[in-house]
Every structure is written in structure tokens, then in C-alpha cells.
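First up is the structure itself, then whatever we jot down about it.
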Amino acid sequence: MNKIVLCLILLLSLQGLLFAQYSGGAGPGDNFNLLANQHLDNWFKTPGNWSEAENWSQNTVPVPSERAWIKASVEVDGNYQHTDLIIEADGKVTIPVTGALTITGILINNASSQGLVIKSDITGSGSLIHATDNVSATVERYITGNSWNWHFLSSPVADQEISGDFTPSGENGDYDFYSWYEPELTWVNFKNTTVEPTWFTANGSNQFEVGKGYLVAYEISNTIKTFTGALNQGSVNFPLSALGSGQHQQYNHVGNPFPSSIDWKSGSGWNLSGLEPNGEGYDMHIWNDIIGNYGAFNSASLNDGGTNNVSRYIAPMQGFMVKADNAKSGNLTMDNAIRVHSSQAFLKSTEELADYLKLKVTGTPNTYSDEVIIEFNHDSDQGGASKLLSFVAEAPGLCTMKDGSKYAIDFRSSPKEETTIPLHFRVGANGNYTIQALTLETFTQGVVIALEDRKTGIMHELTHSNAYTFNAMKEDNPDRFLLHFTGAFGVNELNTNDVIGIYSHGQSIYISSIESAEALISVFNITGQQVYNQQLVLDGLKQITLNVPAGCYVVQAVTSGSAVSRKVFIR
């Protein structure tokens, strides 16, 4: 009996030592189970790439259902998934910008923060998806662009001090580091310790707050910033503020807290009830300093891409703006269900879209630009993504106007035979500009899309020539353009009723024809008096502007083969 007791004591002591050695965030029982099956594991033995079978103990790369045991330096040269990952004290896992690693079970790092490194360069960042607490790592963030370009930033680790790389001085150049303070609608500099609102008023500490976004600029261009600490994972709550009053009231600056991308359209993992809805979805905006404008996306978009290079996927360490609901108070909540790898090719191509127009404006005064999207086939004309105005005065701005509000993405119901949408254009600097239609291939053949320049009187058919160049001055009326859609939308065959379309907008009457024809155009008021009579050649979209009292009128177009009448309203 004494020998049996002694053996039990020794076994329990050994088990206790194993528990103590592998306590990297998971439960000790789980870690002991990992160790108990160590002889069954495929372990990495020789420095090299993950894909090289000869570097593994079983001369084969582990399959997704197997755990990986790392006892040497390995680079994740692809997209891999495993149940568990154990990094020994003499091991190291490096995830380059082309690498992605998913651990569905337990991740243990016994090599400290230098044993798990996620790299970053001008092309992007490596990606890790995991669900274990207290995993130490080093995560790089490459800051692209020229000296003093603005960037949104967030931390993938807990308790990261705002110091060192993030607040350089001397030979490392100067910096600006801002926190957005919604109650007073202002950016507060980290250097401000005396004038209210001070940094501590805006941020509460000298650390990155988990789930919060920051605005940074550095004197040294193309620099790498390094985060070190325990990787964030699981549920993250960001408190929303709706106390400010002014142009950017209710906007909050949040950030991706994970070492992987996140999906704004994810069907689970988000609690967005504290945000102000815009139609059936919710907006988010990301600053793009290269073009001098925010990019926008709405979670109810039928497409996966937004304006100005923003998409449904928010990169690791990326800050973004959201709008809190003024009638509520609460948090924006996210968890691991929204996490995806940056390298995943999820975006739809234009071949998958229908009736989707993206317009881009560029100009000769500078390299700034902007985009607007009109997306048809929604349940109603409500919603889209609001236009968040640029803080760069020299940048042009392009958006639609709907119900008195500006939209970067404009949701519309199924297109009608005639649709007119007002375009708002902000001139950043005097000079020549070009508006270009980028996605005309998504519309059915026979649809006419025309841009009306109300300053010059020019009606430019984008479906004939997809770019319109014009001169603009700062004093111009920003509501300068109208965008007209006419013709047969969808996939139905054309019929004789589709040949000529008639509609009105403001004081103008528009007549469209998909065939070139001579027509006698007559306009009658409600008493039958003729107020306009003219022979015209119809070859696209024609505009007739009448100086008549507001009211109902009947427009008649007579060609050699047909006669069409339509009632319109002149405002």
C-alpha cells in the first residue's frame, strides 16, 4: 500500500509541475490534456517555413484537425488553421503580411511577446484569429504615406502605453497623436495637458483604450509602429457618446481591437443597437489621407465595396467613425464572430451587381479625389451612407442630396423609367475637374445615364462617354449637377413603349429616346393652351426649360412611327 501511495504522490506532483509550466491563459486541465498527448503531436523542429514538410517531426505539415507544437523559428507562409498551437520557450512564430493563422482551440505562447510576431509593411499586415486570453505577442503597424499624413489607428493588445514608437522625438522626428472628444466635437492632442479638454479628459489615461480609434501623424514617413502585450480577443465594449452639438455630433471614433480584419456586414458578433440606423443598415467611415476624404460603407449595402477604397472589411489596427443614436446611450459591442483574415477575397465583382453606379471626381489643382455611389434595387429609397465632410479644405467633395441630407452612398428602390438625382459638388480649389462613371457595365443596354451641368447648360451622356470635364470655382453653387437615369432597366426586352420617355424635374422637361428620330414636341397647360411647340431630333436625352407658372402640363412627342403623351409637373 505504501508503494501505491508514493506512486500517486509522485504522479500528482508531476501533474502539478505540468500545470505550472503551461498556464498561458487557458485552463490548467486543458493544458495538461495538450501535454498528455505530446507524443501524438506533429512538432516543428527546424527553422524554416510552415509549408516545408521536412521541418516537421512527422515529415508532413499538420492538417487543420491537428495541433501544432513549435520548438523552432517558423514563418507562416500561407493560410493555416489548427485546433491548438503551443509555442515553446525556444520556438517562434512569425506571421508575415501574406500569412494568416486560425487557432480554433487553445493558443499557448511560452516564448513571451517575441515568440509570436505579426508583421506589417506597405502592402498590409499578417493576420491571426484565436480565442485564448493572455497571449503575448508583438504586432507591427506600417504607417504609409508622406510626412505628416493623417492615419486612423487602434491597438490590438491590452494596456499598450502611448509612448516610445508612438510619441517619437529627436532623431526619430516629431508627431501628433489625437483622441476624438465627441462632447465638444474636437480632436484633443496627446501633448495637451493644460487646456480643457485635456488629453486625460478625452482619453482617461496614457494608454490605448481597447476598441478606441486614434488620429496620428508622424514627421518620419513610411514608419513602423510596434504594439507589445496580451492580444485582445472575445467581447469588446466601446461606450458611445451623443452629447455634442454641431456638424459632427454623435460621431464616435472606434477601432478594430483584434489582430485580424473584422466584417462590418457580419450576421453575428456585432451589437449595433446603440448606433443611429441609416435605412436598413449602419454607417462606418474611414479616413483616406491620400485622397483627402473619408471612405464610407453601410452594412445594408448589396455590394461589398464602399467609396474611396473602404469595404465591408476593416483592417487590423484600423480606426473608424460611427454615429451614435441620439435617443439612446450604450455600447458598441463586438466579439470574435466578426473576425476574418485580411487576405480573404470576399469582395463582389461588378459582374455580380445590377444598376450600381459609382462616380469619381478628380481635379487638376491637386491629387485629391472623391467618390459617390448610387445603389438601386433596395426595398425603398431610404438610407445609404451619410457623407462625412472632409477636414481638408482643398479636397473636392461629391455626394447626392436626398431629403435635405448628403449621402456618400445613396440607396434607391428598383429603378423607374425616369429617375433624377441631385448631385452636390464641393470645389476644393479653383480649376478643372472630371467626373467619371466607373460601373456603367452594371446597367442594362438601352439605359441612358446623363449628367446635367446646370451652370453651363450641358447635358453629358455618361453612357456614351463616361467622363465629363468642366471648370469649377469656389463660388459656384454646390448644387450644380443633376444625374438623370432613363430607359428600360432590368433584363426585359424593349418594346415600343420604351422608345420615348418623358419626365420633369424643377422647371425642365426631359425627353429620352433610345432611337434617333425627329419628333414634334408640344406642351399644353391644364386648360389646353399650347405653351411650347418645337421640332427636335431625339438622340439620347433632351432638355426643355420652360418659363411658365408652376402646375400640371401635358407633353406630347410625335414621330413618324409613334405618339407619346405624358402628364408632368413644373415647379
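Looking only at the range 418-441, count every residue that is under 24 Å from the mean Cα position of the chain (by Cα) and without any contact (Cβ under 8 Å) to a residue 60 or more places away in the chain and tell me the total.
2
Which one of 469, 434, 444 is part of a loop (DSSP other than H, G, I, E, B) and either in contact with a strand residue (DSSP E or B) (Cβ under 8 Å, 6 or more places away or on another chain) or within 21 Å of residue 376 (Cβ to Cβ) (or both)?
Only one candidate qualifies: 444.
Restricting the search to the range 220-247, which residues are in a loop (DSSP other than H, G, I, E, B) and either surrounded by fewer than 16 Cβ atoms within 10 Å (Cβ to Cβ) or among the hydroxyl-bearing types (Ser, Thr, Tyr) (or both)?
Answer for the range 220-247, where residues must be in a loop (DSSP other than H, G, I, E, B) and either surrounded by fewer than 16 Cβ atoms within 10 Å (Cβ to Cβ) or among the hydroxyl-bearing types (Ser, Thr, Tyr) (or both): 220, 221, 222, 234, 235, 241, 243, 245, 246, 247.
Restricting to the range 296-329, what's the tally of residues that are at positive phi and either open to solvent by 20 Å² or more (accessible area, probe 1.4 Å) or at pLDDT below 95 (or both)?
1
Residues of the range 62-83 being modelled with pLDDT of 95 or more, crowded, with 19+ Cβ neighbours inside 10 Å and not in a strand (DSSP E or B), which ones?
76 - this is the single residue of the range 62-83 that is modelled with pLDDT of 95 or more, crowded, with 19+ Cβ neighbours inside 10 Å and not in a strand (DSSP E or B).
I need a count of the residues in the range 532-558 that are within 17 Å of residue 506 (Cβ to Cβ), out of contact with any Ser or Thr (no Cβ under 9 Å at 6 or more places or on another chain) and either touching a residue at least 40 places away in the same chain (Cβ under 8 Å) or open to solvent by less than 70 Å² (accessible area, probe 1.4 Å) (or both).
Number of matching residues: 4.
Taking strands (runs of 3 or more DSSP E) that fall entirely within the range 494-568, which contain at least 2 residues that are polar (S, T, N, Q)?
Of the strands (runs of 3 or more DSSP E) lying wholly inside the range 494-568, those with at least 2 residues that are polar (S, T, N, Q) span 508-513, 517-525, 530-538, 541-545.
When you scan the range 267-295, how many residues do you find that are in contact with a helix residue (DSSP H, G or I) (Cβ under 8 Å, 6 or more places away or on another chain) and surrounded by fewer than 17 Cβ atoms within 10 Å (Cβ to Cβ)?
2
If I filter the range 194-219 down to residues being of a type in the set (Val, Ile, Thr) and either outside any loop (DSSP other than H, G, I, E, B) or modelled with pLDDT under 95 (or both), which single residue comes out as least open to solvent (accessible area, probe 1.4 Å)?
So, considering only residues that are of a type in the set (Val, Ile, Thr) and either outside any loop (DSSP other than H, G, I, E, B) or modelled with pLDDT under 95 (or both), the one least open to solvent (accessible area, probe 1.4 Å) is 216.
Within the range 353-403, track down each residue that is polar (S, T, N, Q) and outside any loop (DSSP other than H, G, I, E, B).
The answer is 362, 369, 386, 400.
Check off (1) buried (at least 18 other Cβ atoms within 10 Å of the Cβ); (2) under 30 Å from residue 371 (Cα atoms); (3) modelled with pLDDT of 85 or more for residue 501 and give me the number that stays unchecked.
(3)
Quick one: count up the residues across the range 538-571 that are under 43 Å from the mean Cα position of the chain (by Cα) and either under 19 Å from residue 487 (Cβ atoms) or among the basic types (Lys, Arg) (or both).
11
Can you tell me how many residues within the range 398-417 are surrounded by fewer than 19 Cβ atoms within 10 Å (Cβ to Cβ) and acidic (Asp, Glu)?
Of the residues in that region, 2 qualify.
Which count do you get for residues in the range 168-186 that are touching a residue at least 12 places away in the same chain (Cβ under 8 Å) and among the β-branched types (Val, Ile, Thr)?
Residues meeting the conditions: 0.
Being closer than 23 Å to residue 369 by Cβ, at pLDDT below 95 and open to solvent by less than 10 Å² (accessible area, probe 1.4 Å) narrows it down to one of 395, 450, so name that one.
450
Determine whether the range 144-152 contains at least one residue that is surrounded by 18 or more Cβ atoms within 10 Å (Cβ to Cβ), in contact with a Gly (Cβ under 7 Å, 6 or more places away or on another chain) and either among the hydrophobic types (A, V, I, L, M, F, W, C) or in a loop (DSSP other than H, G, I, E, B) (or both).
Yes, the range 144-152 contains at least one residue that is surrounded by 18 or more Cβ atoms within 10 Å (Cβ to Cβ), in contact with a Gly (Cβ under 7 Å, 6 or more places away or on another chain) and either among the hydrophobic types (A, V, I, L, M, F, W, C) or in a loop (DSSP other than H, G, I, E, B) (or both).
Please find, among 345, 337, the residue that is open to solvent by 10 Å² or more (accessible area, probe 1.4 Å), modelled with pLDDT under 95 and either farther than 27 Å from residue 121 by Cβ or assigned to a loop (DSSP other than H, G, I, E, B) (or both).
One residue alone meets the criteria, 345.
Please list, ordered by first then second residue, the pairs with beta carbon atoms under 9 Å, 6 or more apart or interchain, first in the range 360-379 and more than 22 Å from residue 281 (Cα to Cα), second open to solvent by 10 Å² or more (accessible area, probe 1.4 Å) and among the acidic types (Asp, Glu).
360/371; 361/371; 365/394; 366/394; 368/394
Restricting to the range 458-467, count the residues that are open to solvent by less than 50 Å² (accessible area, probe 1.4 Å) and in contact (Cβ under 8 Å) with a residue 12 or more places away in the chain.
Number of matching residues: 4.
Filter the range 510-531 down to the residues that are open to solvent by 10 Å² or more (accessible area, probe 1.4 Å), over 46 Å from the mean Cα position of the chain (by Cα) and of a type outside the set (A, V, I, L, M, F, W, C) and list them by number.
518, 525, 527, 528, 529, 530
I want to confirm something. Restricting to the range 418-431 and keeping residues that are open to solvent by less than 40 Å² (accessible area, probe 1.4 Å) and outside any strand (DSSP E or B), which single residue is nearest to residue 484 (Cα to Cα)?
427
The values are calculated or read from the model by the stated rules, or taken from the named source; none is laboratory data. Everything numeric in this text was worked out from a predicted model, so none of it was measured. Cβ sites come from the backbone with ideal geometry, for glycine too, and all protein chains shown count toward neighbours. Areas reflect the complete protein model, heavy atoms only, side chains present, ligands, DNA and RNA absent. Shrake-Rupley method; radii C 1.70, N 1.55, O 1.52, S 1.80 Å.
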